[in-house]
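Participant: The structure that follows is given in the form of structure tokens.
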Amino acid sequence: MSKRDIHESIMWAEKYRPLKIGDIVNQIVAVERLKSLLKSPGNMPHLLFVGPPGTGKTTTALCITRYIMKDYWRDFTLELNASDERGINTIRDRVKTFARYTDRRQDIPFRIIILDEADEMTNDAQTALRRIMETYSKGTRFILIGNYSSRIIEPIQSRCAIFRFIRLGEEDVVNYLAEISKKEGVKFEKDALSSIYKVTTGDLRNAINILESAAALGFVNENNVQKTAGISGKAKVKDVITMALEGKFNDAWILLTELIRVYGMAEKDFLKYANEYLSRQELLNQGNIAEVMAKYDYRIIVGANPEIQLTALLAELGRIGQELDQNIR
Ligand SMILES: Nc1ncnc2c1ncn2[C@@H]1O[C@H](COP(=O)(O)OP(=O)(O)O)[C@@H](O)[C@H]1O
Ligand SMILES: [Mg+2]
């Protein structure tokens with residue numbers, strides 16, 4: 001594969017990820033504060049980035065490491081995902097090893113650890129994390145990332161400078177999508193770009209993904225955007241759950257398999273969306289459903305075969321749906 005081929009196969013959302021803080025779209029408040037903070041990088045505190053998905057949190061964290069460590073950033077940056085790692089002990093081990101094996105250099109003020117989805121850690125794990133942060137605070141800075149600051153324990157919040165990222169507005173998203181389309185030589189209608197904004201509500205990653213899929217159909221127009229956005233993950237998850245609750249196990253299973261194998265949705269994300277959807281429904285046995293979801297979430301986290309677990313989940317939802325019917329009658 002030539003270098004060009006490899007480049008071509010990178011998804012656009014990754015290919016167009018800004019490398020410099022100055023190229024981050026919007027987030028003016030956060031970016032201006034960061035710029036003044038980085039005037040003396042050596043004094044940078046731990047940082048906490050919160051806000052909705054696809055608004056530039058991870059991108060900004062990576063821009064900062066590049067800015068501070070220049071060519072060495074890869075060697076002195078550790079990226080962890082709090083919800084992928086099997087618990088706080090793994091995080092501690094990885095931080096420890098990283099701190100031990102990366103020699104400090106004179107021109108590098110500290111190492112940086114980016115911990116994504118920090119708000120999904122339990123309170124106990126966060127308490128342990130706080131101790132880890134203290135232990136390594138001399139040569140290490142943490143950039144914690146999450147959706148909600150309220151889910152981060154106070155002792156961590158008070159040790160971090162907090163930056164809030166906001167959903168991008170229509171003008172920003174449309175302009176950015178138009179720019180990418182021009183660079184990729186893609187034909188588009190401006191109204192179709194507005195439609196992409198409407199279905200993605202300020203999540204730029206999702207918007208770029210839909211643009212890329214619609215472009216693959218030859219032309220970014222209303223029709224192709226609707227076709228592509230139709231398979232946008234969350235909507236399909238809702239369909240799978242509804243079918244399962246209605247006892248249409250086979251249909252639910254086929255759609256679920258398609259989501260995972262063709263659309264590439266992670267099983268963990270499927271559960272997350274399913275849970276979001278279910279918790280918004282006014283079902284009679286909400287507690288029962290919460291228990292069932294927690295059970296499968298746990299099994300998948302500890303390493304059970306996710307496809308088998310999700311299949312079992314569909315069957316169980318079918319039973320719950322039946323009980324629900326009986327209660328209503
Ligand atoms: N503010 C932004 N400016 C420019 N690109 C962005 C911005 N937010 C998201 N993106 C695009 O979406 C992708 C995912 O952004 P990311 O920073 O990972 O979002 P998150 O807030 O979920 O961490 C990036 O690779 C980039 O293409
Ligand atoms: Mg991120």
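The values are calculated or read from the model by the stated rules, or taken from the named source; none is laboratory data. All figures in this text were calculated on a predicted structure; none of them were measured in a lab. Every residue, glycine as well, gets a Cβ built from its backbone with ideal geometry; the counts of neighbours run over all protein chains shown. Just so you know, the surface numbers come from the protein's heavy atoms only, side chains and all, with ligands and any DNA or RNA stripped out. Shrake-Rupley method; radii C 1.70, N 1.55, O 1.52, S 1.80 Å.
Participant: Restricting to the range 105-133, give me the number of residues that are touching a strand residue (DSSP E or B) at 6+ places or on another chain (Cβ under 9 Å), within 19 Å of PHE76 (Cα to Cα), away from ligand 1 (no atom under 16 Å from the Cβ) and open to solvent by less than 20 Å² (accessible area, probe 1.4 Å).
Facilitator: 3
Participant: What is the number of the single condition among (1) within 16 Å of ligand 2 (Cβ to nearest atom); (2) loosely packed, with under 14 Cβ neighbours inside 10 Å; (3) not basic (Lys, Arg) that LEU168 does not meet?
Facilitator: Failing condition for LEU168: (2).
Participant: For residues that are of a type outside the set (Gly, Ala, Ser) and closer than 18 Å to LEU204 by Cβ, tally how many sit in the range 126-181.
Facilitator: Residues meeting the conditions: 18.
Participant: What number of residues in the range 184-196 are in contact (Cβ under 8 Å) with a residue 24 or more places away in the chain, of a type in the set (D, E, K, R) and part of a helix (DSSP H, G or I)?
Facilitator: Our first condition is that a residue be in contact (Cβ under 8 Å) with a residue 24 or more places away in the chain; within the range 184-196, this holds for 184, 186-189, 191-196.
From the residues that got through so far, the ones that are of a type in the set (D, E, K, R) too are 184, 187, 189, 191.
Still in the list and also part of a helix (DSSP H, G or I): 191.
Of the residues in the range 184-196, 1 are in contact (Cβ under 8 Å) with a residue 24 or more places away in the chain, of a type in the set (D, E, K, R) and part of a helix (DSSP H, G or I).
Participant: Looking at TYR148, TYR176, which is the one that is within 25 Å of PRO53 (Cα to Cα), at pLDDT 95 or above and either in contact with a Leu (Cβ under 8 Å, 6 or more places away or on another chain) or open to solvent by 10 Å² or more (accessible area, probe 1.4 Å) (or both)? Before the answer, list the steps.
Facilitator: Details: TYR148 fails: at pLDDT 95 or above.
The match here is TYR176.
Participant: Quick check, is ARG17 touching a residue at least 40 places away in the same chain (Cβ under 8 Å), within 22 Å of the chain's Cα centre (by Cα) and either crowded, with 21+ Cβ neighbours inside 10 Å or closer than 14 Å to LEU204 by Cα (or both)?
Facilitator: The answer is yes for ARG17.
Participant: Just to be sure I understand, how many residues within the range 23-58 are touching a Lys or Arg at 6+ places or on another chain (Cβ under 8 Å), open to solvent by less than 20 Å² (accessible area, probe 1.4 Å) and within 10 Å of ligand 1 (Cβ to nearest atom)?
Facilitator: The number of residues fulfilling the criteria is 6.
Participant: Another question, if that's okay. Out of all the residues in the range 291-323, which are under 25 Å from the mean Cα position of the chain (by Cα) and hydrophobic (A, V, I, L, M, F, W, C)?
Facilitator: Residues satisfying the conditions are VAL292, MET293, ALA294, ILE300, ILE301, VAL302, ALA304, ILE308, LEU310, LEU313, LEU314.
Participant: Also, quick follow-up: Within the group ARG94, ARG74, which residue is surrounded by 14 or more Cβ atoms within 10 Å (Cβ to Cβ) and among the basic types (Lys, Arg)?
Facilitator: Values: ARG74 fails: surrounded by 14 or more Cβ atoms within 10 Å (Cβ to Cβ).
Only one candidate qualifies: ARG94.
Participant: Also: Among the candidates LEU62, LEU47, single out the residue that is under 28 Å from LYS234 (Cβ atoms), assigned by TED's automatic domain parsing to the domain that holds ARG159 and in contact (Cβ under 8 Å) with a residue 40 or more places away in the chain.
Facilitator: LEU62
Participant: Would you mind stating whether ARG100 is more than 30 Å from VAL174 (Cα to Cα), more than 11 Å from ligand 1 (Cβ to nearest atom), loosely packed, with under 11 Cβ neighbours inside 10 Å and among the basic types (Lys, Arg)? First the steps, then the outcome.
Facilitator: On the way: more than 30 Å from VAL174 (Cα to Cα): yes; more than 11 Å from ligand 1 (Cβ to nearest atom): yes; loosely packed, with under 11 Cβ neighbours inside 10 Å: yes; among the basic types (Lys, Arg): yes.
Answer is yes for this residue.
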